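Asks: Take this structure, written in structure tokens, and hold onto it; I'll ask about it next.
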Amino acid sequence: MVTFDTLLRELRGKIPEIEPPALDAALHDARRPALIDVREPDEHAQGMIPGAVHIPRGFLEQRIERTVPDREAPVVVYCAGGTRSVFAVRSLNELGYHNVRSLVGGFTGWKRAGLPWEQPISLRPDQETRYSRHTLLPEVGVAGQVKLLAAKVLCIGAGGLGSPSSMYLAAAGIGTIGVIDDDVVDASNLQRQILHGTDRVGIAKVESAETTLRALNPDVKVDKHRTRITSDNALALIAPYDVIIDGADNFATRYLVNDAALKLGKPVIHASIFRFEGQVTVFPANGSPCYRCLYPQPPPAEEAPSCAEAGVLGVLPGIMGVLQATEAIKLVLGLGETLAGRLVVYDAMKTRFRELKLRRDPKCPTCGDGVDRRAIELIDYEQFCAGPKH
Ligand SMILES: [Zn+2]
């Protein structure tokens, strides 16, 4: 009969191992190995080697292909003391992974060698429940949720577009949501501005927004900016945020937000709505193409539609604002393809989405060839739309 000790000794002789300092060097190499932590969750929670992927030993065979699809890729496995990892390597060999080594001395040996380790990121138990449908998505996971909780998104306007975008961002666990709006809730807003309710008429929109967003998710901090964005305050307002959602109802603000965001290198998710039609796009952090590539100059005042007269289908900003929130979450997580360089136009009457390609204009006054973005001067255009906000 083979005893555990004999089997371990036998395997040790066959299975390649790596010493902690050699692993440290390999992790800084261009062809760094995939590092798998096969300890139990309670051990992993105490500390881990930076960059390791945690797959408890019991799930290793089941999950390794998702983490390391290439069977030729170099892999290092570690446990607490370097015993369980030897058996893990044997299993991986059986699955066709032949470039696998076990860390000598495991995590204990790594720490004893004075090498860096970190506390793994984790969620509170109530957050694990609240965000479970996110963390179940491998593309998001706990790490992604932690990113969302650390993210700061600015919603310009707490109106038709700002309502659905900020509400979904709050529900998703975006940790800080800035809301800029100088207005108070009016009864004519309630047909589409779902942040606000009948009992809030006459209350500042930023206050109403905070009440709704915090009720949805107390994890969210709401920065209330009860002001109008101008050339004097635009940079200070935008600078603290990672992503800007432009839900403004007027050209003056859109140009100002575009120019200030370009100066600061912040991505802007732009949307606008008119009657039964909405459009949405992303002006990326690298600034190309930008709003001025689309509309180099504001239209003459008499051609700009007056919001008060135009009217809008109440549900339309809901659709466009939710698309904005989706793009914001993708930007925070670095997921998928954003709408950068693409303008999506939604026609509610025909239920049709069209996509137009946007190109950078080399002559664009703010992102064109040779333009120094840091030197962009902010302009306060005349407000075209003094009527109720859409
Ligand atoms: Zn441009």
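Asks: Need the failing condition index for ASP246 against (1) charged (D, E, K, R); (2) without any contact (Cβ under 8 Å) to a residue 12 or more places away in the chain; (3) closer than 26 Å to ARG354 by Cα, just the number.
Replies: Looking at each condition in turn, ASP246 falls short on (2).
Asks: Which of the residues that make up the range 329-368 are within 13 Å of the ligand (Cβ to nearest atom) and in a strand (DSSP E or B)?
Replies: ALA340
Asks: Can you name the number of the only condition in (1) within 25 Å of ASP369 (Cα to Cα); (2) touching a residue at least 40 places away in the same chain (Cβ under 8 Å) that ILE273 fails?
Replies: Unmet for ILE273, out of (1) within 25 Å of ASP369 (Cα to Cα); (2) touching a residue at least 40 places away in the same chain (Cβ under 8 Å): (1).
Asks: Quick check on the range 156-206: of everything there that is among the hydroxyl-bearing types (Ser, Thr, Tyr) and farther than 21 Å from ASN250 by Cβ, which residue is farthest from the chain's Cα centre (by Cα)?
Replies: THR198
Asks: Which of (1) modelled with pLDDT of 95 or more; (2) within 22 Å of the chain's Cα centre (by Cα); (3) surrounded by fewer than 17 Cβ atoms within 10 Å (Cβ to Cβ); (4) assigned to a loop (DSSP other than H, G, I, E, B) is the odd one out, the single condition ARG133 does not satisfy?
Replies: Condition not satisfied by ARG133: (4).
Asks: To continue, here is another question. Taking the criterion of being modelled with pLDDT of 95 or more, of a type outside the set (Lys, Arg), touching a strand residue (DSSP E or B) at 6+ places or on another chain (Cβ under 6 Å) and surrounded by 18 or more Cβ atoms within 10 Å (Cβ to Cβ), would at least one residue in the range 249-256 satisfy it?
Replies: Scanning the range 249-256, I find no residue that is modelled with pLDDT of 95 or more, of a type outside the set (Lys, Arg), touching a strand residue (DSSP E or B) at 6+ places or on another chain (Cβ under 6 Å) and surrounded by 18 or more Cβ atoms within 10 Å (Cβ to Cβ), so the answer is no.
Asks: Mind checking whether some residue in the range 280-290 is over 22 Å from the mean Cα position of the chain (by Cα), modelled with pLDDT of 95 or more and either crowded, with 18+ Cβ neighbours inside 10 Å or within 13 Å of the ligand (Cβ to nearest atom) (or both)?
Replies: No; the residues of the range 280-290 include none that is over 22 Å from the mean Cα position of the chain (by Cα), modelled with pLDDT of 95 or more and either crowded, with 18+ Cβ neighbours inside 10 Å or within 13 Å of the ligand (Cβ to nearest atom) (or both).
Asks: Within the range 311-328, is there a residue that is within 16 Å of the ligand (Cβ to nearest atom), assigned to a loop (DSSP other than H, G, I, E, B) and at pLDDT below 95? Write out each step before concluding.
Replies: Of the residues in the range 311-328, the ones within 16 Å of the ligand (Cβ to nearest atom) are none.
Taking every residue of the range 311-328 in turn, none turns out to be within 16 Å of the ligand (Cβ to nearest atom), assigned to a loop (DSSP other than H, G, I, E, B) and at pLDDT below 95.
Asks: Output yes when any residue across the range 225-248 is modelled with pLDDT under 95, within 16 Å of the ligand (Cβ to nearest atom) and not acidic (Asp, Glu), and no when none is.
Replies: No.
Asks: Quick check: anything in the range 265-279 buried (at least 21 other Cβ atoms within 10 Å of the Cβ) and over 23 Å from MET167 (Cβ atoms)?
Replies: no
Asks: Same structure again: Which number in (1) surrounded by 14 or more Cβ atoms within 10 Å (Cβ to Cβ); (2) away from the ligand (no atom under 15 Å from the Cβ); (3) without any contact (Cβ under 8 Å) to a residue 40 or more places away in the chain marks the one condition that VAL371 misses?
Replies: Here VAL371 clears every test but (2).
Asks: State all residues of the range 249-279 that are among the small types (Gly, Ala, Ser) and more than 16 Å from the ligand (Cβ to nearest atom); if no residue qualifies, say none.
Replies: ALA252, ALA271, SER272, GLY278 - these are the residues of the range 249-279 that are among the small types (Gly, Ala, Ser) and more than 16 Å from the ligand (Cβ to nearest atom).
Asks: Which one is nearest to GLN324 (Cα to Cα) among residues in the range 252-305 that are in a strand (DSSP E or B) and aromatic (Phe, Trp, Tyr)?
Replies: In this case the residue turns out to be PHE283.
Asks: Tally time: how many residues in the range 25-42 are surrounded by 12 or more Cβ atoms within 10 Å (Cβ to Cβ) and either touching a residue at least 40 places away in the same chain (Cβ under 8 Å) or in a loop (DSSP other than H, G, I, E, B) (or both)?
Replies: 10
Asks: Of all residues in the range 213-227, which are of a type in the set (A, V, I, L, M) and either in contact with a Lys or Arg (Cβ under 6 Å, 6 or more places away or on another chain) or assigned to a strand (DSSP E or B) (or both)?
Replies: VAL222
Asks: Do we have any residue at all in the range 262-275 that's within 22 Å of the chain's Cα centre (by Cα), under 26 Å from THR366 (Cα atoms) and β-branched (Val, Ile, Thr)?
Replies: Yes: one or more hits.
Asks: Sticking with this structure for a sec: Can we say SER85 is buried (at least 19 other Cβ atoms within 10 Å of the Cβ) and assigned to a helix (DSSP H, G or I)?
Replies: The answer is yes for SER85.
Asks: Given the conditions (1) farther than 11 Å from SER166 by Cβ; (2) touching a helix residue (DSSP H, G or I) at 6+ places or on another chain (Cβ under 6 Å), which single one is not true for LEU213?
Replies: With respect to (1) farther than 11 Å from SER166 by Cβ; (2) touching a helix residue (DSSP H, G or I) at 6+ places or on another chain (Cβ under 6 Å), LEU213 is out only on (1).
The values are calculated or read from the model by the stated rules, or taken from the named source; none is laboratory data. Bear in mind the structure is a predicted one, so any value in this text is a computation, not a measurement. We place every Cβ from the backbone using ideal geometry, glycine too, and count neighbours over all the protein chains shown.
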